[in-house]
Amino acid sequence: MPGRLFPLGGPVSEEDIVDREDFLISLETRLLECQSIMLAGPRRIGKTSLALEVIRRIKGKENYVAFVDLFRYNTKRELALALINACLENRSGISKTTTALKDGLKKITGAAKLTAKLQDLEVAFGLPGESKSDDDLFNYALELPEILAQKDKKHMVLVFDEFQEVIRIAGEDALKVMRSYFQVQQHVAYLFLGSKEGMMNTIFGDKKQAFYRFATILPIPSIPPEAWIEYISRKFQAQKITISDQVILEVLSLSGGHPQDTMLLCSEIYYSLLEAGVNNLGLDFVRLGYERALSSLSPVFDELLDELGGIGSTRRVLISLARGLRIYSGLSSNPNEVKRAVDVLIDKAIIEKSGRGAYHFVEPMLKEYLNRKIEVF
């Protein structure tokens, strides 16, 4: 069969988006009504898949769409060119837009205009010359979505993935500049995605921030067990593999229903079955697949632990949570130090608060990994 049975490592196609139809319809409706949206959540839970699917639907209705992943860029100029390129890709009849822009920048100076022939229409873009500053190019890029939408009488939806990275790329003042352009645009809706929930909630929820209340903050709904059961059952049965609801519930218990971890676990179970030449999925193969999945995730979890630094309060708090200990009464650390450690773990989307003084792991498989590794810390 072409492709993986359970997709891993990136955005998934429409058929592998589990139980998100109502949410996708809501996103599409809001964006087409020019309402900007903010979605925040840990990496690998499906934000990008949702964004790509909704813009696929929107573009299919003859709207303009653009997608910019801020993780890919390090300077304001790089980000500006990426945004310009993403917008102009909506125009057929021109290829390698960024290259064309760079060539144009070399040929023009001052307030000269770069003229691009697109289809049967010749449009003059007021593009700053190469001698101008990065700020000029950035400002032009922010203005372009509305210019293009107005000229072509289209509605534009622009997605910024990992939006919190704009601070790293262009500094906090860039947020004020972006807001000044975006708030007056009448034909553009923005979808802001971010994996650092703390930063995203501050950017859009703090009264002192430029983007305060600019976008509607929508929680990404969890996937209910019954939806997972239908999806996993359908996938295995398509390969003529027998599986019961009880077995699927065990899979979900081990993965915690985390989208990517659940896909990984199912994938490892599937390959274990193939290698053994078995088409009846029992709990023994679930356990085998789990061990293989946990081994596959070890480098990911090790990198996460490296980000936390050496043996400090943050790591101690994390280990205590994995052990099920009461972190405020069970540790000798200062309560303020524990609170700072908890804030770091929440900001990195490692844990989530589930009640007063109670927290749970975003990925239950990380908790198991930590409990197995405790002796080396």
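Using every pair of distinct Cα positions in region 16-73, the Kirkwood expression returns a hydrodynamic radius of 12.4 angstrom.
Expressed as a whole percent, the accessible area of region 236-369 that falls on carbon and sulfur atoms is 48 (1.4 Å probe). With a 1.4 Å probe rolled over the protein heavy atoms of all chains, the accessible area of 306, 135, 206 falls in the order 306, 135, 206, largest first. Residues whose amide H falls under 5 Å from that of residue 17, counting only those 5 or more places apart or on a different chain, are absent, with hydrogens built in the peptide plane.
Find, to one decimal place in angstroms, the Kirkwood hydrodynamic radius of region 156-207, where the mean of 1/r is taken over every pair of different Cα atoms and then inverted. Provide the component values of the computation, followed by the final result.
Values: mean 1/r = 0.0855 Å⁻¹.
Computed over Cα pairs of region 156-207, the Kirkwood hydrodynamic radius comes out at 11.7 Å.
Two numbers describe the Cα atoms of region 120-262: Rg and Dmax, which are 22.2, 66 Å.
When the pairs 61/153; 61/151; 196/367; 196/339; 153/176; 76/176 are compared against a 24 Å limit on Cα-Cα distance, 153/176 fall above it.
Note that the chain presents 49 Å² accessible area per residue, ligands and nucleic acids not counted, probe 1.4 Å.
Here is the size of region 183-284 from its Cα atoms: Rg then Dmax, 20.5, 62 Å. Heavy-atom accessible area for residue 307, with the other protein chains in place and a 1.4 Å probe, reaches approximately 110 Å².
The portion of the accessible surface of region 142-218 made up by carbon and sulfur, rounded to a whole percent, is 45 (1.4 Å probe; DNA, RNA and ligands excluded).
Which FRET efficiency, nearest 0.05, do residue 13 and residue 152 yield, Cβ-Cβ r, R0 25 Å? Efficiency at R0 = 25 Å is approximately 0.30.
Values of log10 I(q)/I(0) for the chain across q = 0.07, 0.09, 0.11, 0.14 Å⁻¹ run -0.40, -0.64, -0.90, -1.22, by the Debye formula with one identical scatterer at each alpha carbon and no solvent. Whole-Hz Karplus values for region 161-167 come out as 8, 6, 4, 4, 5, 4, 5 Hz, taken residue by residue from phi with 6.51 cos²θ - 1.76 cosθ + 1.60 and θ = phi - 60°; glycine and proline positions read x.
The values are calculated or read from the model by the stated rules, or taken from the named source; none is laboratory data. On a predicted model such as this, the values are computed, not experimentally measured, just so you know. Cβ sites come from the backbone with ideal geometry, for glycine too, and all protein chains shown count toward neighbours. The protein model used for the area step is the full one, side chains on, heavy atoms only, and it has no ligands, DNA or RNA in it. Shrake-Rupley method; radii C 1.70, N 1.55, O 1.52, S 1.80 Å.
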